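The block underneath contains the structure these notes are about, expressed in structure tokens.
The values are calculated or read from the model by the stated rules, or taken from the named source; none is laboratory data. Worth saying up front: this structure is predicted, and the values here are computed from it rather than measured. Glycine also receives a Cβ, built like all others from the backbone with ideal geometry; neighbour counts cover every protein chain displayed.
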Amino acid sequence: MRCVIARFPFDLVKSEVETKMEGIAPEDVTGACVVIGRKVYPVKQVGEIITRQDRRDFTAGEVTRALVRLGFTCHETPPQAPHASGSTPDPFGGTGA
């Protein structure tokens, strides 16, 4: 897919983005993020890797639009992890039994 990031054209393919991100440890996510495989990456980190540009040269929005068009799931903020076993914690510190 052809897209423009920081005024430069790129031909991106979903499988190539996944391959480039293999073995890359995700940085801490505080804002816009993307799910690639089973990991959540900041979109700026992914943009830097797939374009080889400094992340100050493009916006998170530019990368997010490209990743969504490729079929990735993006979030404005990090997704929340679900509670284990769906139980609610006991406010008194007990086991709930």
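A few remarks follow.
- Test: residue in the stretch 37-48 that is among the polar types (S, T, N, Q) and crowded, with 19+ Cβ neighbours inside 10 Å: yes
- Cβ-Cβ distances below 9 Å connect the following pairs, each with a first residue in the stretch 68-91 that is loosely packed, with under 11 Cβ neighbours inside 10 Å, a second residue that is β-branched (Val, Ile, Thr) and at pLDDT 65 or above, and a separation of six or more residues or different chains: Glu76/Thr64; Thr77/Val29; Thr77/Thr30.
- Ile36 vs. criteria more than 15 Å from Phe72 (Cα to Cα), hydrophobic (A, V, I, L, M, F, W, C), modelled with pLDDT of 95 or more and under 14 Å from the mean Cα position of the chain (by Cα): no
- Scope the stretch 47-60; condition assigned to a helix (DSSP H, G or I) and in contact (Cβ under 8 Å) with a residue 12 or more places away in the chain; matching residues: Gly47, Ile49, Ile50, Thr51, Asp57, Ala60
- Inter-residue pairs, beta-carbon under 7 Å, first assigned to a strand (DSSP E or B) and in the stretch 1-26, second of a type in the set (Asp, Glu) and surrounded by 15 or more Cβ atoms within 10 Å (Cβ to Cβ), 6+ apart: Ile5/Glu62
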